[in-house]
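Here is the structure we will look at.
Quick note: the coordinates plus some simple rules give every number you see, no bench work behind them. What you see is a predicted model, and the numbers here were worked out from it, not measured in a lab. Here the Cβ is made from the backbone with ideal geometry for all residues, glycine too, and neighbour counts use every protein chain on show.
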Amino acid sequence: MSVWWPGSGETLIARAPLTFATGAATQVKGMRWFRDTERKDIQEELEGWPEGPAYTARSTASTAGRNTVKGAAMAVGVAVMGLLSSQAGSVGPGRSGKGSETSHDRADEVEDFPVMWAAPGALARTLPWQLDPARAPQNEYRTHAVITDRRLVIVGFPYVKGDEKRIADEFLWEAPRSHIKRVELRDFKIGNDAKIAFTDDSWVRVSSINRERLTRYLIEPPEFIPLTSLTQAQRTTAHDFAAAQASDARPPLIRRNPCGCFRIEVLAPSTVHASFGHSGLNTVMDANGSEIRLTEYHQEDFLT
């Protein structure tokens, strides 16, 4: 395992899988485009990028036909599920609560699906081509975003199915946090997407199965409480928790939740997972420095 880690004086906060997003609405399903500010395709202009697929959005007529067939299939499915649910002991598939069937941005989610929006020379155009699943298939190569207190970093590595601990990071790209203007969560369909806008008004739409972990400290300032400012009891709890984790665990990161409790999170290079990134090892303590049970958590003590 060869995991990228920042040098002395810089703190790693989170790591999560990241790719360019993929269209989910029927007209653009399975597609993505790279656009300039006049909505022209720019993928041929992106320096160093290998050739990729050229997509054409489906027509409204073909979409209507697909939706008619889909609607009939769904009606049959609902009837079958209704029958199954009436049988004792039967269960249906679960569904994530963060997705939405309603698009609030039809131009960029239903009629078109740009994952890059950038004028010539804009920062978004410098992102690595490996983020594109059409150019770097996920069954062969993975890309992760790494968040530190100073920058957003993209790394990549060859992926071997079934060997989730085989990490050989290649540093691909970086941008200072000061270049990130805002981060917007996009919930249409599955709910794994986010739009990262830069200060030069370029932006990208990305997808991550650990979206909240990825975006939390890009949206919120990375303000952690120095261990020296904690009480002795709190410091002891934080140190004991860190010592009980992986042998290569880094010093604990401490944040005070709005309820007054403290979240302790520990990161360790050896716990990076090829498909899920860095899940983090965490616990919560009260103001007295006592770890609290999960059943005692306040709503704001839970990680999203």
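Taking the chain as a Gaussian network of alpha-carbon nodes connected by springs under 10 Å, the highest mean-square fluctuation of the residues MET116, MET31, MET285 belongs to MET285.
Pairs spanning more than 27 Å between alpha-carbon atoms, out of LYS165/LYS189; LYS98/LYS181; LYS165/LYS195; LYS29/LYS165: LYS165/LYS189; LYS165/LYS195; LYS29/LYS165. Tell me whether region 114-157 comes out rounded, prolate or oblate; compute the Cα gyration tensor, take square roots of the eigenvalues as a ≥ b ≥ c, and use a/c under 1.5 as the rounded threshold. Oblate, because a/c is 1.5 or more while a/b does not exceed b/c.
Distance between the pseudo-spin-label points of ARG39 and PHE302 (7 Å out from Cα toward the beta carbon): 4.0 nm. A cut-off under 12 angstrom between Cβ atoms defines the neighbours of LEU123, and their net charge, with Lys, Arg +1 and Asp, Glu -1, is -1. Look at the dipole of the chain built from charges on Cβ: of ASN139, HIS278, PRO50, the Cα furthest out on the positive end belongs to ASN139. Using the Cβ-Cβ distance between ALA168 and LYS98 with R0 set to 41 Å, the FRET efficiency from 1/(1 + (r/R0)^6) comes to roughly 0.80. Put in order of Cβ neighbour count within 10 Å, fewest first, the listed residues GLU38, GLU174 become GLU38, GLU174. Counting other Cβ atoms within 10 Å as a rough exposure proxy, the listed residues LEU253, LEU214 run LEU253, LEU214 from fewest neighbours to most. At a Förster distance of 22 Å, what's the computed FRET efficiency of ALA197 paired with ARG106, Cβ-Cβ distance as r, to 0.05? After rounding, the FRET efficiency stands at 0.70. The aspartates and glutamates within cross-link reach of LYS40, meaning a Cα-to-Cα straight distance under 18 Å and a gap of 8 or more places when in the same chain, are GLU51, ASP108, GLU109, GLU111, ASP112, ASP201. Applying both filters, DSSP loop and at most 11 other Cβ atoms within 10 Å, to the trypsin sites (Lys or Arg not before Pro) of region 1-45 gives LYS40. What does the net charge come to around VAL3 if you take all other residues with beta carbon closer than 9 Å to its beta carbon, with K and R at +1 and D and E at -1? Every neighbour counted, the sum reads 0. Does a label point 7 Å from the Cα of LEU227, set along Cα-to-beta-carbon, have any residues of region 272-296 with amide nitrogen under 20 Å, and which are they? Within reach of a label on LEU227: 280-292.
Principal-axis analysis of the Cα atoms of the chain puts helix 232-243 at an angle of about 60° to the longest axis.
When only Cα pairs below 8 angstrom with a gap of at least 6 residues are kept, region 227-301 shows a relative contact order of 30 percent.
Taking label positions 7 Å along the Cα-Cβ direction at both VAL160 and HIS273, the computed distance is 2.0 nm, reported to one decimal.
Spatially, region 233-274 and region 178-204 are offset by 28 Å when compared through their Cα centroids.
Pick from GLY156, GLY99, GLY277: which residue has the top mean-square fluctuation in a GNM of the chain where Cα pairs under 10 Å get a spring? Result: GLY99 has the largest fluctuation of those listed. Placing R0 at 45 angstrom, the Cβ-Cβ distance between ARG235 and ALA134 gives a FRET efficiency of 0.35 after rounding to 0.05. Tally Lys/Arg at +1 and Asp/Glu at -1 over every other residue whose Cβ is under 9 Å from the Cβ of ASN257; what's the total? Cβ neighbours under 9 Å give a net charge of +1. Shape verdict for region 227-301, please, from the Cα gyration tensor: rounded (a/c under 1.5), prolate (a/b greater than b/c) or oblate. Oblate is the answer for region 227-301, as a/c is 1.5 or above yet b/c matches or exceeds a/b. Oblate is the label for the chain, because a/c, from the alpha-carbon gyration tensor with a ≥ b ≥ c as root eigenvalues, is 1.5 or above and a/b does not exceed b/c. Loop-located GluC sites (Glu not before Pro) in region 213-295 (DSSP state other than H, G, I, E, B) with a sparse environment of at most 13 neighbouring Cβ atoms within 10 Å: GLU223.
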